[in-house]
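What follows is calculated from the coordinates using simple rules that are stated; it is not laboratory data. This is a predicted model, so every value here is computed, not measured. Because the Cβ atoms are built from the backbone with ideal geometry, glycine has one as well, and the counts that use them run over all protein chains shown.
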Amino acid sequence: MLGEYRIEGRGAAEIAASVERAVGAGELRPGQGLPPMRELADRLGVNPNTVAAAYRTLRERGVIETAGRRGSRIRPKPATTGRDQVRLDVPDGVRDVSDGNPDPALLPSLAEAFAAAAAQSEGDPVLYGADPVEPELARLARAALDADGVPDGPVAVASGSLDAVERVLLAHLRPGDTVAVEDPGWGSLLDLVPALGLRTVPVGVDDEGPVPGDVRRALASGARALIVTDRAQNPTGAALTGDRAHALRAVLGSHPEVLLIEDDHGHGIVDVPLHPLAGVTRHWAFVRSVAKAHGPDLRLAVFTGDATTVDRVRGRQRLGPGWVSRLFQRAVVRLWTDGAVDTPAVAAAYCIRREALIRALAGHGVPAHGRTGLNVWVPVPNETSAVARLLHAGWAVAPGARFRLKSGEGIRITVAGLAPEEAGPLAEVVAAAVGPAPVRTYV
């Protein structure tokens, strides 16, 4: 089961450290099974409770997962493993539509914005003790949130969406608490939750967002938090409609103590209206990243929420990084005030690319989903086979296992840099690779 690697240790901490070192070094690979607890206990000459404690520690750290009778295994993206070890290797000459990146041609130039921010900082340097949020950034962000119907609340800044989500979760939850997450959903989030010692419960998704019945069951079973992507859901492209938002608010209204986190990372690249859920529950946070519209390396997200949540996050930030660089914040202000991103044009460009591929796939009898955003989700009967066949045909797509908990198999195709004339050839090889259309969709 473990090949050449032998787990060592006499105490729970030593056993857990032995596994963690092996995962970090690549000696234990993602998906690899671990020995049953009694078997490992016999091999090490320790009490089975010691191994159980070690496995529990590894689960809480996001290194392993337990699947009932199938035992424990290294997580697909263990928290101690470098991301390069679990990425799809794309050979030279293969067209890569797997990465989830925006089209660089649709991103604004950052040079003038940072030059202006640097000039401002020379005359008005930010020193220790200064306000962690650039006042003009807060004003502009709050005005945009008001226009979209997001409830009033203080504005804070984090180093991207995932950083904001992590800080909000830690502000309210404790290890062992359960978080309801979209399935399929954002792979990094599905890895983050167990890495924090939290448990996940999957919620199905269709083109209009999370399925209300699934959300109701998750909350009734004790989930203490719900994370929802408002638009450009990764990987399916789902976006909340007015009717779906109304139904979800009704469900949340019966669970006012649940922590609600909304991720609107699609702001700036989508052309559908926002239908926020915030304000129904006592504690909530609404997060907006600038990564998709302005560039992934601009690690900044603004978020708002109820006063208690934002205050807790700000307090913890003060004890760690202190603040997100005001130089970055001032650069974003410049980008926003200069209208660096033509949102309707960018949204239209991505829409054309998504719809071209979806239509071409439909012409081959292959159903696909991609209402908004950068990606198209294609349900398949066997994603491992589909990924391998497409790679052989010269196309690299993302395997659905990165994004799934219990939902049906699929592949994610990033259309951000896909020219409309490429849709036909790609659809043809996808149809050949996936075979007959699966009965299930992605719910």
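Some values worked out for this structure:
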| item | result |
| --- | --- |
| Surrounding net charge for G153, when Lys and Arg each add one and Asp and Glu each subtract one, Cβ distance under 9 Å | -1 |
| Of G176, F328, V366, farthest towards positive along the dipole that unit charges on Lys, Arg, Asp, Glu beta carbons give the chain | G176 |
| Loop GluC sites (Glu not before Pro), the stretch 207-262, which have at most 15 other Cβ atoms in a 10 Å radius of their Cβ (DSSP) | E257 |
| Overall dimensions of the stretch 111-337 as given by Cα atoms, namely Rg and Dmax in Å | 17.3, 55 |
| DSSP beta bridges in the chain [antiparallel fraction, %, rounded to 5] | 55 percent |
| Alpha carbon convex hull of the chain, volume per residue in cubic angstrom | 157 Å³ |
| DSSP H segments from the chain that extend 15 Å or more along their own axis, Cα-based, with Kyte-Doolittle mean of 0.0 or above | 12-25, 111-123, 135-147, 161-172, 242-253, 326-337, 343-363, 423-434 |
| Top of A291, A347, A25 by mean-square fluctuation, Gaussian network on the chain, Cα under 10 Å | A25 |
| The stretch 329-430: trypsin sites (Lys or Arg not before Pro) in DSSP coil with no more than 15 other Cβ atoms inside 10 Å | K406 |
| Antiparallel DSSP beta bridges within the stretch 231-359, percent to nearest 5 | 55 percent |
| The chain: relative contact order in percent, alpha carbon pairs under 8 Å with at least 6 residues between | 18 percent |
| Max mean-square fluctuation residue, GNM over the chain, Cα-Cα springs under 10 Å, options E60, E14, E355 | E14 |
| Of all DSSP beta bridges in the stretch 111-337, antiparallel share, percent nearest 5 | 40 percent |
